[in-house]
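Notes for the one structure printed next.
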Amino acid sequence: MGLPVVHLVTDGTLVPDPGARLVEVLRGVAPGRVAVHLREKALSGRILHSRALALAAICHAHGQLLLVNERVDVALTCGADGVHLPAAAMGPAAARRLLGAGALIGVSCHSVDDVARARAGGADYATFGPVWATPSKAGYGAPVGLERLREASRLGLPLVALGGVEPALAPQAVAAGAAGVGVIRAWLTGPDPAAAVRALLSAVA
């Protein structure tokens, strides 16, 4: 399973139900280019599972991937394409035993050492950041910057640059070694989310 180049992360505090927005965003996008990350820690298991089923149907109808954040059980029962694991969650090897060899498994990383551990643990990719300043990642301290991204990319694990990514900045992340970019606000808060995603896809092409 190839790694999509644009990763769209949900945030229920910005858009409680992103289904309609997602249909608009994915219309006309070439298959396999986008992964949607269902990241909703505040939802109950029942509601999260229902949301995952709905988003999986939308993603698969458009030839794109759905990844569930942390909840391997939800990913397993909703037909998701894999999981994205926080650094403190179960390891990627354990998740793969549950989900199977074909699942896409990623890990959140904020340092070069984190990336080394994710690679050793068998992750398929890692998100890395925040590369630039962003409100959603303020709790992780100062941005790691492009030089740390460049250093981490040399370890050989495909990295998705996250944090403050905009179309104008995405080429810099790719030039520093990122295999893709991830966004939250760029597709959830702007007036034209489809145009924002198209611009990101063009920027990393």
Notebook entry, point to check: Can you pull out the residues in segment 23-34 that are surrounded by 18 or more Cβ atoms within 10 Å (Cβ to Cβ) and either acidic (Asp, Glu) or closer than 18 Å to THR77 by Cα (or both)?
Noted result: none
Next item on the list: Please tell me if VAL74 is among the hydrophobic types (A, V, I, L, M, F, W, C), under 21 Å from GLY163 (Cα atoms), at pLDDT 95 or above and in a helix (DSSP H, G or I).
Entry: no
Checklist line | Conditions (1) over 16 Å from the mean Cα position of the chain (by Cα); (2) part of a loop (DSSP other than H, G, I, E, B); number of the one not met by ALA94 | finding: (2)
Margin query: I'm told GLY19 meets every condition in (1) more than 18 Å from GLU70 (Cα to Cα); (2) under 15 Å from the mean Cα position of the chain (by Cα) except one. Can you identify the failing condition by its number?
Written below: (2)
Check: Here are some residues: LEU43, LEU55. Which one is in a helix (DSSP H, G or I) and crowded, with 17+ Cβ neighbours inside 10 Å?
Finding: LEU55
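Quick check on my filter: what residues within segment 143-169 are small (Gly, Ala, Ser), farther than 11 Å from TRP132 by Cα and surrounded by 16 or more Cβ atoms within 10 Å (Cβ to Cβ)?
Quick first cut of segment 143-169, residues small (Gly, Ala, Ser) only: 145, 152-153, 156, 161, 163-164, 168.
This time we only want the ones that are farther than 11 Å from TRP132 by Cα, so: 152-153, 156, 168.
Scanning segment 143-169 gives ALA152, SER153.
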Check: Can you name every residue in segment 121-133 that is farther than 16 Å from LEU149 by Cα and without any contact (Cβ under 8 Å) to a residue 60 or more places away in the chain?
Finding: GLY121, GLY122, ALA123
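Within segment 97-205, which helices (runs of 4 or more DSSP H) (wholly inside it) include 1 or more residues that are over 15 Å from the mean Cα position of the chain (by Cα), within 18 Å of GLN64 (Cα to Cα) and of a type outside the set (Lys, Arg)?
Details: elements: 112-120, 145-153, 170-175, 185-188, 193-204.
Because the criterion is at least 1 residues that are over 15 Å from the mean Cα position of the chain (by Cα), within 18 Å of GLN64 (Cα to Cα) and of a type outside the set (Lys, Arg), the helices (runs of 4 or more DSSP H) in segment 97-205 that meet it are 193-204.
The values are calculated or read from the model by the stated rules, or taken from the named source; none is laboratory data. Remember, it's a predicted structure, so these values are computed and weren't measured experimentally. Reconstructed Cβ throughout: ideal geometry from the backbone, glycine too, with neighbour counts over all protein chains shown.
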